[in-house]
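Heads up, the thing below is written out as structure tokens.
Laboratory data are not the source of any read-out in this text; all were calculated from the coordinates shown. Model, not experiment: these values are computed from the prediction. Counting neighbours? That spans all protein chains shown, and the Cβs are built from the backbone with ideal geometry, glycine included.
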Amino acid sequence: MFRTSDIVLIAVMVSAAALTYKTKREAEEQLAAVHKLQAQIRYEEDTIDLLKADWSLLTQPSRLQKLAEIYKSQLELEPVNARQIIGLDDLPAKPVTIEDLSSQRLGGMADNSGEGPLGKDPVVTGGIVQ
């Protein structure tokens, strides 16, 4: 019948065949993943090329000039002139601070000197010593 060496040899051969099949299957999966990534790269490159073409079409100076003329005639828009833009000297003055407002609202009653009504004692407001 079968000797022990024959059984061991058959087991080694079956193990080698299973390992070869497993390696082949993993290689095919990796190859499919590579093909999928290459297809995605081609799609993204095509999308980028299409966007570049659209951008170059949209930013043509003649097209922009034509649009400006259309908007000017149909919407009666005027171009921006230098007098519409204000300079730094024309900006309003620095806004009033909260401390200035509080002393004005209280009619000068709020004394921010740090002294309380009895002299050099700290002013206590709401439990917080100032």
Straight-line reach check, LYS22, cutoff 25 Å on alpha carbons, 8 or more apart in-chain or any other chain, hits among lysines -> LYS36
Give, in whole angstrom and from largest to smallest, the semi-axes √(5λ) of the equivalent ellipsoid of segment 1-54, with λ running over the eigenvalues of the Cα gyration tensor.
52, 4, 4
If I take R0 = 41 Å and measure r between the Cβ atoms of ILE70 and ALA93 in this structure, what FRET efficiency does the formula 1/(1 + (r/R0)^6) give, to the nearest 0.05?
0.45
